[in-house]
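Heads up: the structure comes next, in structure tokens.
The numbers here are math on the coordinates, done by the rules we state, and not lab data. On a predicted model such as this, the values are computed, not experimentally measured, just so you know. All Cβ positions, glycine included, derive from the backbone under ideal geometry; neighbour counts span all protein chains shown.
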Amino acid sequence: MNRTLRAFVALALCALPLSAMAQALSPDEATAIDAAVTDTLARTKVPGVSIAVVRDGKLVLARAWGKASDRLGPATPGMPFQIASNSKQFLAALILRLADEGRLSLDDKVARWLPQVSQADQITVRQLLSHTAGLQDYWPQDYAFQAMATPTTPDAIIRRWAMKPLDYAPGTRWQYSNTGYVVAGRIAELAGGAPLASLFETYLFHPLGIHPLFIDDANGPQFPHGYNRFALGPVREVTPPAHGWLYAAGELSMTAAELARWDIARLDRTVLTPKDWAEQETPVRLTDGTSTDYGLGVFVAERDGRRLINHGGESVGFLSQNTVWPDDRAAVVVLTNAGFADVQGTLTEAIGKVILPRAIQAQTGEVARLADARAEWAALGKGHLIASHFTDDARAYFTPQAVADYRTSLTALGACTLTARAKPRLRGGFVNRNFAARCHGHDYTVITYAERGPKGRWEQFLISQD
């Protein structure tokens, strides 16, 4: 409770100078951002969003829109939202700090710390942090699978997923893996000689002057609540996963302003040494020399002629996006309490258009199994789940309520055209394929995971509004 109270006091103080900070945005810019947020929330039915904007290395906006929960009412900028996988950059930074002190090395073999991990003598700490270790992802789904209703521990996750055969030889491929970060979190605790929360506080949070919470401590009536919807059905409160499931893979809850303060530290090269920041932001290369476009806990890219450092986050009922344009000394943080729609991406792009001279450009592509996706869409639109086409976890997800919401909402859309979006990628033993749906001038996204092979069963078939 003390930690919670301390967090809210600090966040309330952080929120006090909002009128002064907002002066850095012109009235037209502030109006444009407000219009983009207001219109997007109304269109997508996302309950709430908390946003922070950094320009010229300074926090110029910290504001919330919509509601935090049915109980709390309006969201405020002092409320912590779950940032999920945006936490990964903090764990990577912590390990860099521990390496500076000689407590471990990024080139240590995992066997030094956790010899029970599969092929631990061939995997390095660096490969864990760059998603090149080959460990199968324990949570590729965009929903809470059945086991997540029961509490777990890091060691239990390691036993179930990190002791499986590797998906590929370490260093030869890139595959996003929450499992790798659970292993890395345990190594940080062993090397640092303290629990992860204590290490974060000592090495990162205290120097930054921020007070994030762990997600398991931020699931309660006094915090923003997560929401979801089945296809385009009613927006409903979600049940968070049981204790322990996001350890080290997506463990933090904080305000948008706190995450922006971390972004400012990145721009100013404080808290970490300039060498460590550069290490985190340098894309790791595979054994064949190919760049992964991923450093240590962050994606590294160039879009519209600008270098950017970014990451997204997803927990049950929450989505987030944190994007930094280092050469422009700018950043945008978007935190939502919705596990549906791409509001965090849409608003990052919209705000980028306001604070940067040129727009951010999206990338699209083609994928396979388009005919299968169209067939599943049609069947679900009639309230028919073809059970043999879905895995056990997916069948458990499609409760009678879920199937009814899919039928009602898809029927209301009328005729739709599905097209391919992005290239297929491997994650957690499944193949991720995304599709775009166009329905009477409105755009939607179908996010799928399936077993490998041309007729692999669907592990996930989610539909959200763009």
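Just want the ordering: S118, S198, from fewest to most Cβ atoms lying within 10 Å of their own Cβ. Before the final figure, lay out each step's value.
Working: S118 18, S198 12.
Going from least to most buried by this count: S198, S118.
Alpha carbons only, please: Rg and Dmax for region 370-465, in angstrom.
For region 370-465, the Cα-based Rg and Dmax read 12.7, 35 Å.
Over 25 Å between Cα atoms, which of K45/K353; K275/K423; K109/K275; K109/K423 qualify?
Numbers: K45/K353 23 Å; K275/K423 34 Å; K109/K275 22 Å; K109/K423 32 Å.
Long pairs (Cα-Cα over 25 Å): K275/K423; K109/K423.
With labels modelled as points extended 7 Å from the Cα through the Cβ direction, what inter-label distance (nm, one decimal) is found for R160 paired with E237?
2.6 nm
Suppose every K and R has +1 on its Cβ and every D and E has -1 on its Cβ; what is the size of the dipole of region 48-92 about the Cα centre, in Debye to the nearest 20? Numbers along the way, then the final one.
Values: 6 positive and 2 negative charges, 7 e Å.
Computed charge dipole of region 48-92: roughly 40 debye.
Which value at 222 nm does the chain reach when only helices count, each DSSP H run of 4 or more adding -39,500 (n - 2.57), with the total divided by all residues and rounded to the nearest 500 deg cm²/dmol? All intermediate terms of the calculation are to be shown ahead of the outcome.
Numbers: 14 runs with 144 residues, N = 466.
It comes out at -9000 deg cm²/dmol, rounded to the nearest 500.
Post the alpha-carbon centroid distance, region 418-458 to region 57-103, in whole angstrom.
29 Å
Using the Cα centre of the chain as the reference point, and only Cβ charges (+1 on K/R, -1 on D/E), how large is the resulting charge dipole? Debye, rounded to the nearest 20.
Working: 47 positive and 46 negative charges, 128 e Å.
Magnitude of the dipole: close to 620 debye.
Please name which of V298, P207, V238 has its Cα lying farthest along the dipole of region 178-300 towards the positive end, using unit charges on Cβ (Lys, Arg +1; Asp, Glu -1) and the Cα centre as origin.
Positive-end residue among those listed: V238.
Please work out the FRET efficiency for the pair R269 and L208, using the Cβ-Cβ distance as r and a Förster radius of 22 Å; give the result to the nearest 0.05. Write down the numbers at each step before the final one.
Numbers: r = 13 Å, r/R0 = 0.61.
According to the calculation, E is roughly 0.95.
Using a cut-off of 14 Å between alpha-carbon atoms, which aspartates and glutamates can reach K67, once sequence neighbours fewer than 8 places away in the same chain are excluded?
Once the sequence-local aspartates and glutamates are set aside, what remains near K67 is E237.
For M163, M79, what's the fewest-to-most ordering of other Cβ within 10 Å of each Cβ? Don't skip to the answer; put the middle values down first.
Values: M163 13, M79 27.
Arranged by neighbour count, lowest to highest, M163, M79 become M163, M79.
Kindly rank 248-261, 226-239 from highest to lowest mean number of other beta carbons found within 10 Å of each residue. Kindly include the intermediate steps, with their values, before the conclusion.
Values: 248-261: 26.9, 226-239: 19.2.
With the highest mean Cβ count within 10 Å placed first, the list reads 248-261, 226-239.
When I309, I83 are ordered from fewest to most other Cβ atoms inside 10 Å of their Cβ, what list results? It would help to have the intermediate numbers written out before the result.
Numbers: I309 22, I83 34.
Least to most surrounded, the residues fall as I309, I83.
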